[in-house]
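The structure appears below as structure tokens.
The values are calculated or read from the model by the stated rules, or taken from the named source; none is laboratory data. This is a predicted model, so every value here is computed, not measured. As a convention, Cβ positions derive from the backbone with ideal geometry for all residues, glycine included, and neighbour counts pool all protein chains shown.
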Amino acid sequence: MIIDCHTHILNKNNLREYLARYKADRLLSIRFFKGYCGGIFDDRDGDFDEFICDYDNLYVIEAIDFDTNILDQLDNIRAKIEEVDYIKGLKLYTGYQHFFPYHERLFPAYNFAKEYSIPVVFHSGALYEYENSNALLKYTNPIEIDEIAVKYPEVNFVISHFGFPYLMETAMVLNKNNNVYTDISGVLDVDCYDVIKDDIKKILKYFPGITNQIMFGTDFIGDDTSVNEVELYVRFVEEVFGDEDKELVFYKNAQRVFNL
């Protein structure tokens, strides 16, 4: 079994494209807030809420827009959760909206996550550069998640993209906090595959116990992701992890974190 815990499948065409190229048993689609990256993705999810109900293997992580009323957003998500069972988490984009994970405005979101037993996912590490971007890296260091992990021990937190390039920092936070997880999405590149593979192997030598906190993800986003990239992530797990740990990374950890 494979659970891809980090995709951006925003419409039916994205989903068909993914399933035609590669078969995962379950998929989690992370939504963007309105205006993310200058609004370049705003027109891609027009039919999302309509088609998702037709698929029992597709789930959603809802985005929280830090710059608008968070309580209102949580009320809207609450209404959805009471009607459907496909909402499995919340996503925050610290570097794009200039806030640290421990900002007090986010406490209601963390309490919400605790109430519904869903994780909070952070975009961490490197930022996508777009025209007129004002994104700031100082907000994306995974070390900043340590504080809320301690403050909210009942909530699971996910550091996206293994916090790349802050790989060691991510591993250190996971090793310290058993309620913090990470995924490997967006980390791999054909040109530097071997370098990244060696880096992760080295980190697992330092912190061998974190394999039960690492999840499979691809960051698939339709036309912007080639099939070779998706297959590269499967190859990576096969080459880096032992047989028991492969099962953890491919699906068991995500099953536990996202209640799948």
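In the set D189, D198, only one residue is surrounded by fewer than 21 Cβ atoms within 10 Å (Cβ to Cβ), acidic (D, E), at pLDDT below 95 and under 15 Å from R235 (Cβ atoms); that residue is D189. On the given criteria, is Y166 touching a strand residue (DSSP E or B) at 6+ places or on another chain (Cβ under 6 Å) and buried (at least 21 other Cβ atoms within 10 Å of the Cβ)? No: the conditions fail for Y166. Scan segment 69-92 for residues that are without any contact (Cβ under 8 Å) to a residue 24 or more places away in the chain, in a loop (DSSP other than H, G, I, E, B) and more than 16 Å from K114 (Cα to Cα) and jot them down. Selection gives N69, E83, D85. Select from segment 93-116 the residues that are hydroxyl-bearing (S, T, Y) and assigned to a loop (DSSP other than H, G, I, E, B) and write down the one among them that is surrounded by the most Cβ atoms within 10 Å (Cβ to Cβ). So the residue we want is Y93. Does at least one position in segment 52-64 carry a residue that is modelled with pLDDT of 90 or more and either acidic (D, E) or in a helix (DSSP H, G or I) (or both)? Yes, that holds for at least one residue. For G38, the conditions (1) modelled with pLDDT under 80; (2) touching a helix residue (DSSP H, G or I) at 6+ places or on another chain (Cβ under 8 Å) are fulfilled apart from (2). Taking the criterion of being crowded, with 19+ Cβ neighbours inside 10 Å, assigned to a loop (DSSP other than H, G, I, E, B) and among the polar types (S, T, N, Q), would at least one residue in segment 125-133 satisfy it? Within segment 125-133 (the criterion being crowded, with 19+ Cβ neighbours inside 10 Å, assigned to a loop (DSSP other than H, G, I, E, B) and among the polar types (S, T, N, Q)), the answer is no, since none of the residues qualifies.
Table: residues versus (1) over 13 Å from G217 (Cβ atoms); (2) in a helix (DSSP H, G or I); (3) among the hydrophobic types (A, V, I, L, M, F, W, C).
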site: H161; (1), (2), (3): no, yes, no
site: M168; (1), (2), (3): yes, yes, yes
site: A171; (1), (2), (3): yes, yes, yes
site: S185; (1), (2), (3): no, no, no
site: D191; (1), (2), (3): yes, yes, no
site: K197; (1), (2), (3): yes, yes, no
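Taking the criterion of being in a loop (DSSP other than H, G, I, E, B), at pLDDT 90 or above and more than 17 Å from the chain's Cα centre (by Cα), the residues of segment 205-244 that qualify are F207, F241, G242.
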